[in-house]
Amino acid sequence: MNKPSQPVLYLDDVTVSFDGFKALNGLSFVVEPGELRTIIGPNGAGKTTMMDVITGKTRPDKGTAFFKGVHDLTKLDEETIANLGIGRKFQRPTVFDNHTVSENLELALKADRRAFRTLFARIGAAQNERIEAVMEQIGLAERARDLAGSLSHGQRQWLEIGMLLMQDPELLLVDEPVAGMTDHETEQTAALLKQIAGARSVVVVEHDMEFVRALATKVTVLHEGSVLSEGTVDHVQNDPKVIEVYLGR
Amino acid sequence: MSARLNQSLGRALVSGARPYILAVIVILALLPLLNLAVPPSSPFYLPDFAIKLIGKWLCFAILALAIDLVWGYVGILSLGHGAFFALGGYAMGMYLMRAIGDRGHYKNPLLPDFMVFLNWKELPWYWHGFDNFLFALLMVLLIPGLLAFVFGWLAFRSRITGVYLSIITQAMTFALMLAFFRNDMGFGGNNGLTDFKDILGFNLHTDGTRAGLYWASLAMLIATFLLCRWVVGSKLGRVLTAVRDAESRVRFLGYSVTNYKLFAFVLSAMIAGVAGALYVPQVGIINPSEFSPAASIEAVIWVAVGGRGSLVGAILGAFAVNGAKSWLTSYAPELWLFILGGIFVAVTLFLPRGIVGLFGQKSDGPRISKPSLANLSKMLGTVPPAPKEQRP
């Protein structure tokens, strides 16, 4: 079933409505293995709802969402989907403030998630190495023993990305990773995400056009719950439909 | 950097406190000797009632640990833990009733007095087995654990949190109180279970048995403390505090929040049951008033006063509030409830980390710095744990 050519994510005709308002309206799109994809769109385009559907937080009224061609995400709950290999970074950074940086990563570490196994769990040398490596990658090795609550906004974003890496997911969903970041931090984040993609697929939702340009990937533009345009940054920026609804405003 | 500094400072204070904790344990362990080995004429003599009183406090401290485990570490504010305490107490009470045998008022070898009084002809099925001490001990763990499992499974699976959960725990204990008040239930109704004679063949009314129960309570308190410390120090403990601080994040990491909450809730209920089982032989009675919603709320206040999210704090709070209660109720009994309420408000506003917060002990509780009314809702767990995703 799981051939390498199988897309990692396949959304088909997904519709979600809240009190009659269609947050997603027949949305269809495909993410290939190892792909880095950027999704843009004005407020209310359905970006966050799309992530909710993929991670099991929201059930669509209509349509299907397949992960690696075999798992129907519309029928599974959050925990199961997370354990299948889909990691999600929230719009606002959500880390465990009362835990240290390394404890945050330890909790995200791919391991047996059952309560009794966790009660007796010990961190092995290999796992420690993995934690150290990710701390290096996200630039927080110096802060290993500090509480996450003491980190700056940008560092918290990176810690959350680091937690996603610890889960070792095949698909990462990253919601507005550079909101509130300085220019320097934004550049570092773009480099980090590009480094991550390849071994895994990454879907980034972002408003910041500078950042989207820095990622230099295929861009999908959402509008009113469906795909408006798809292509390179230059292509979508010159698409008259896009200019009209989004960039032109 | 400052967080790191605070933490190491906190750790130093904790390890600095260790000799004091050991000294307190030794003093507590030696207290009954002042009752047993010192003649009543001596100024050092400790009267019987004092041993009974401190023995009671030891049981309350175990209950406080149980509440702290779910409230301080998982953020589940249970206002119904008195129910688990009372169920453990009733299980022990049933053993003690059966142990009376034919020495009751009506000399019935099988039926407890209240059943003879109600003209019951045979022992209800659920009273069988309680003549066996080990069976009773098993029930002390199993019945509160089972109730917590069923209640918790329904509540946590439906993602009921915050004040809503607190309210239904109150309803649970209130419903049980009403049920146990009924004579038809077969638990002695209004009067509950009392007139106990002996436990494992030891007369309950001798100084030796009293001291024995006291020591058993102290040993159980220490064992419970070590058990809780091990649990909260494990990786599971870190998942539990993570659930408290950002529940949906934990879910998206792939943990079953329901199962983790259930684990903590059931363990906590069993600990509360053990506390009740040790309490009943010492006070000599168990009746439905132990199920009263107010009793559960009072126990939560002990934890708030001592320091939510700190195991030492929970124990300290139980001793401090009950000590104050014993002292004050002998002077101004009618004022006690006002004072208790006042203490709760004052602690919430000015001392959100409780007594242990005063000593700068590292508490795992939520860090709340400014005194404000917002603390109240934080302590009650009404603040949404994770930022809500914006709807487009």
Item to complete: Answer yes or no: is there a residue in the range B:207-227 that is modelled with pLDDT of 95 or more and within 14 Å of chain A (Cβ to nearest Cβ).
Response: yes
Discussion item. Please verify whether residue B:225 is of a type outside the set (Lys, Arg), under 18 Å from the mean Cα position of the chain (by Cα), surrounded by fewer than 20 Cβ atoms within 10 Å (Cβ to Cβ) and over 22 Å from residue B:317 (Cα atoms), treating the condition exactly as stated.
Written reply: no
Worksheet item: Consider residue B:234 against the criteria (1) touching a residue at least 60 places away in the same chain (Cβ under 8 Å); (2) under 14 Å from residue A:117 (Cα atoms); (3) among the hydroxyl-bearing types (Ser, Thr, Tyr): it satisfies all of them except one. Which criterion is unmet?
Response: (1)
Worksheet item: If we scan the range A:81-94, do we find a residue that is touching a helix residue (DSSP H, G or I) at 6+ places or on another chain (Cβ under 6 Å) and farther than 21 Å from residue A:201 by Cα?
Response: yes
Worksheet entry | Index of the failed condition, residue A:83 passing every other in (1) more than 7 Å from chain B (Cβ to nearest Cβ); (2) of a type outside the set (Lys, Arg); (3) assigned to a helix (DSSP H, G or I) | (1)
Practice prompt. Restricting attention to the range A:22-51, report how many residues are within 12 Å of chain B (Cβ to nearest Cβ) and of a type in the set (Val, Ile, Thr).
Written response: 2
Worksheet item: Any residue at all in the range A:95-117 that is within 13 Å of chain B (Cβ to nearest Cβ), small (Gly, Ala, Ser), open to solvent by less than 50 Å² (accessible area, probe 1.4 Å) and touching an Asp or Glu at 6+ places or on another chain (Cβ under 6 Å)?
Response: no
Worksheet, complete the sentence: Counting only helices (runs of 4 or more DSSP H) wholly inside the range A:168-249, the ones holding at least 1 residues that are over 25 Å from residue A:13 (Cβ atoms), in contact with a Gly (Cβ under 9 Å, 6 or more places away or on another chain) and open to solvent by 60 Å² or more (accessible area, probe 1.4 Å) are A:183-196
Practice prompt. Would you point out which residue out of A:132, A:106, A:136 is within 20 Å of residue B:261 (Cα to Cα), of a type outside the set (A, V, I, L, M) and not in a loop (DSSP other than H, G, I, E, B)?
Written response: A:106
Worksheet item: Residues of the range B:284-325 being of a type in the set (Gly, Ala, Ser) and open to solvent by 40 Å² or more (accessible area, probe 1.4 Å), which ones?
Response: B:289, B:294, B:320
Worksheet item: Regarding residue A:8, is this residue within 14 Å of chain B (Cβ to nearest Cβ) and buried (at least 21 other Cβ atoms within 10 Å of the Cβ)?
Response: no
Item to complete: For the range B:247-258, indicate whether the set of residues that are closer than 24 Å to residue B:299 by Cβ and within 7 Å of chain A (Cβ to nearest Cβ) is non-empty.
Response: no
Worksheet item: Residues of the range B:42-91 being free of Cβ contacts under 8 Å to residues at least 60 places away in the same chain and aromatic (Phe, Trp, Tyr), which ones?
Response: B:44, B:45, B:49
Fill in: Scope the range A:118-150; condition touching a residue at least 40 places away in the same chain (Cβ under 8 Å) and either more than 9 Å from chain B (Cβ to nearest Cβ) or under 21 Å from the mean Cα position of the chain (by Cα) (or both); matching residues
A:137, A:138, A:139, A:144, A:148
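The values are calculated or read from the model by the stated rules, or taken from the named source; none is laboratory data. None of these values were measured; they are calculated from a predicted model. We place every Cβ from the backbone using ideal geometry, glycine too, and count neighbours over all the protein chains shown. To get the accessible areas, we keep the full protein, side chains included, count just its heavy atoms, and leave off ligands, DNA and RNA. Shrake-Rupley method; radii C 1.70, N 1.55, O 1.52, S 1.80 Å.
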